[in-house]
1. Search the stretch 225-254 for residues being in contact (Cβ under 8 Å) with a residue 40 or more places away in the chain and of a type in the set (Phe, Trp, Tyr), and hand back the single one that is surrounded by the fewest Cβ atoms within 10 Å (Cβ to Cβ).
2. Any chance you could count how many residues in the stretch 209-254 are over 30 Å from LYS23 (Cβ atoms), at pLDDT below 85 and β-branched (Val, Ile, Thr)?
3. Tally up the residues in the stretch 170-207 that are within 18 Å of VAL108 (Cβ to Cβ) and touching a helix residue (DSSP H, G or I) at 6+ places or on another chain (Cβ under 7 Å), please.
4. Given the conditions (1) basic (Lys, Arg); (2) closer than 16 Å to GLU98 by Cα; (3) in contact (Cβ under 8 Å) with a residue 40 or more places away in the chain, and given that LYS131 satisfies all but one, which numbered condition is not satisfied?
5. Which residues, counting only those in the stretch 192-213, are buried (at least 19 other Cβ atoms within 10 Å of the Cβ), among the hydroxyl-bearing types (Ser, Thr, Tyr) and touching a Phe, Trp or Tyr at 6+ places or on another chain (Cβ under 9 Å)?
6. For the stretch 30-45, what are the residues that are under 14 Å from TYR12 (Cα atoms) and in a loop (DSSP other than H, G, I, E, B)?
7. Can you go through VAL160, VAL125, VAL167 and tell me which one is assigned to a loop (DSSP other than H, G, I, E, B), of a type in the set (Val, Ile, Thr) and buried (at least 16 other Cβ atoms within 10 Å of the Cβ)?
8. Under the condition of being hydrophobic (A, V, I, L, M, F, W, C) and farther than 19 Å from LEU203 by Cβ, which residue from the stretch 84-110 is surrounded by the fewest Cβ atoms within 10 Å (Cβ to Cβ)?
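The values are calculated or read from the model by the stated rules, or taken from the named source; none is laboratory data. Computed from a predicted model, the values in this text were never measured in an experiment. Counting neighbours? That spans all protein chains shown, and the Cβs are built from the backbone with ideal geometry, glycine included.
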Amino acid sequence: MGIKVSVIVPVYGVSDYIEQCVKSVMNQTYRDVECVIVDDATPDDSITQCEKLIAAYEGPVKFTIVHHERNRGLSAARNTGTDAATGDYVLYLDSDDEITQDCIEKLVVPVMRDASVEMVVGNYVNDYQGKRIARKQDEHDVGSYEAVRDFFFCKRGFYVNAWNKLVKRDLLVEHQVFFKEGYLWEDNLWTFFLLKYLNHVSLIQDVTYLHFKRPHSITLGTDREKKVYNWKRVYEEIANNFTPGEAGKEAKYFIRYIFFQIARNGKSEELYMICKPYLKALLNDHYYLEYLFGYGVVALSRTAWGRALLHDVAHRLH
């Protein structure tokens, strides 16, 4: 019996890109595929384009369009797609990106080899204004809960993005690992909670996804105040759900994102407040303090605000 894959495509305001996205699904060499397109009340002709493409299509991929009555955001659209999916595994595809022709054929190989694999992570290419850079990713098979968490948190073994990951749908539904609605950087939260349940992950070297960095995308086109607000929400949510006994490991991984935002956005009381539960987790685990005074010093010591933060950490150590 084959493995059925559901490709989930949330659609909102992507008139210039949706045709290539949908065609990349239609061109798949793997045949047992359905594509759930979620119309997040898009105001443009994106869905009309989808309907025309589907009407003219004669291939094996089964297409379904689900409509939101009002715009609810990317997280809600992905959740709607997951609920509507009937495949064994789901693959999230952003509507301004594309998958390679052999994407699903490559991603299902580890699952066909071992049915216990719950997630397969493909390699991808970043495209920014025509300049393409491939991410370096080696093949790995990580076969236990502890090994998966160590691979992600300590070795930074795979990226946080939800797209280009083949994930067992039953796992998501059983543990209610859905996307938080109304958040930016919701992928960070989703991956954090997913890691509480994953026992077997496979990484492949093959490039299966083409990610376009658009100048007017949700994250790149967001103003500073809104970015800070959303970073605060995301990382407060993570801190409030640290895994017992593993808080230092989790704090070590995610605090680097906070450092990065502090370095980019300068002095910000909101960002400083985000740091506190992470610093506490690191202070309670001296093993992970080495990270704080490695990566952290390099990232923050160049700014007065960063030096003040590190001074505060040093003060707390005494």
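1. Across the stretch 225-254, the extreme among qualifying residues is TYR229.
2. Residues flagged as over 30 Å from LYS23 (Cβ atoms), at pLDDT below 85 and β-branched (Val, Ile, Thr) within the stretch 209-254 amount to 1.
3. Selection size over the stretch 170-207: 6.
4. Just one mismatch for LYS131, condition (3).
5. THR208, TYR209 - these are the residues of the stretch 192-213 that are buried (at least 19 other Cβ atoms within 10 Å of the Cβ), among the hydroxyl-bearing types (Ser, Thr, Tyr) and touching a Phe, Trp or Tyr at 6+ places or on another chain (Cβ under 9 Å).
6. Selection gives ASP40, ALA41, THR42, PRO43, ASP44, ASP45.
7. On the way: VAL125 fails: assigned to a loop (DSSP other than H, G, I, E, B); VAL167 fails: assigned to a loop (DSSP other than H, G, I, E, B).
Checking each option against the conditions leaves just VAL160.
8. As a first pass, look at the stretch 84-110 and keep what is hydrophobic (A, V, I, L, M, F, W, C): 84-85, 90-91, 93, 99, 103-104, 107-109.
With the extra rule that they be farther than 19 Å from LEU203 by Cβ, the set shrinks to 84-85.
On the way: ALA84: 16, ALA85: 23.
My answer is ALA84.
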